[in-house]
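Here it is: the structure, laid out below.
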Amino acid sequence: MKNKLAPYAENMCESGIACLLTMVQGNVLALGLSHWIVATQTGLLAGAIVGTTVLAANLRRPWVVSLVLGGVTTVVDMTVHPATFGVSSLREAAITGVGSFVLSLGVAGVLRRLGRREAAPLSPASQTPADQTK
């Protein structure tokens, strides 16, 4: 069950954080309740769509998942809170989508490296005699 919910939670957080930071243009001191509400809506909706897509399509490559998350976040961001009419709304949504794509790639890379570190140590029983003398 935990492995089934992990893509949802991860994608929701990545999309929501990207939306939150884009709305305030990186100035975290300007965050207000309305920003948190909009970012939560964007994160929940984009994360649910992408999490379901990842499970249904059995996507395993991190860059594909990140690309899908970026595209879905762009569309959801335009839908949840259109900034203005025209190009400005599309620009902000595209920046949010790129932000979620980059954030997703970064998180995937960190998780992959942490997974390798956990798997690296060998138990004494599985080491060769040459390894045990080191």
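The values are calculated or read from the model by the stated rules, or taken from the named source; none is laboratory data. Keep in mind it's a predicted model, so treat the numbers as computed, not measured. Positions of Cβ are backbone-derived with ideal geometry, glycine not excepted, and every protein chain shown enters the neighbour counts.
Name the helices (runs of 4 or more DSSP H) wholly within the stretch 60-134 that hold at least 3 residues that are surrounded by 14 or more Cβ atoms within 10 Å (Cβ to Cβ) and modelled with pLDDT of 90 or more?
Hits in the stretch 60-134: 62-80, 87-119.
Out of Gln41, Gln25, which single residue is at pLDDT below 90 and either basic (Lys, Arg) or over 13 Å from the mean Cα position of the chain (by Cα) (or both)?
Criteria check complete, one pass: Gln25.
Taking the stretch 56-75 as the region of interest, how many residues are in contact (Cβ under 8 Å) with a residue 12 or more places away in the chain and within 14 Å of the chain's Cα centre (by Cα)?
Number satisfying all stated conditions: 12.
Something else now. Residue by residue through the stretch 31-46, note down the ones that are out of contact with any helix residue (DSSP H, G or I) (no Cβ under 8 Å at 6 or more places or on another chain) and either part of a helix (DSSP H, G or I) or of a type in the set (S, T, N, Q) (or both).
If the condition is that a residue be out of contact with any helix residue (DSSP H, G or I) (no Cβ under 8 Å at 6 or more places or on another chain) and either part of a helix (DSSP H, G or I) or of a type in the set (S, T, N, Q) (or both), then Leu33, Ser34, Ile37 are the ones that fit.
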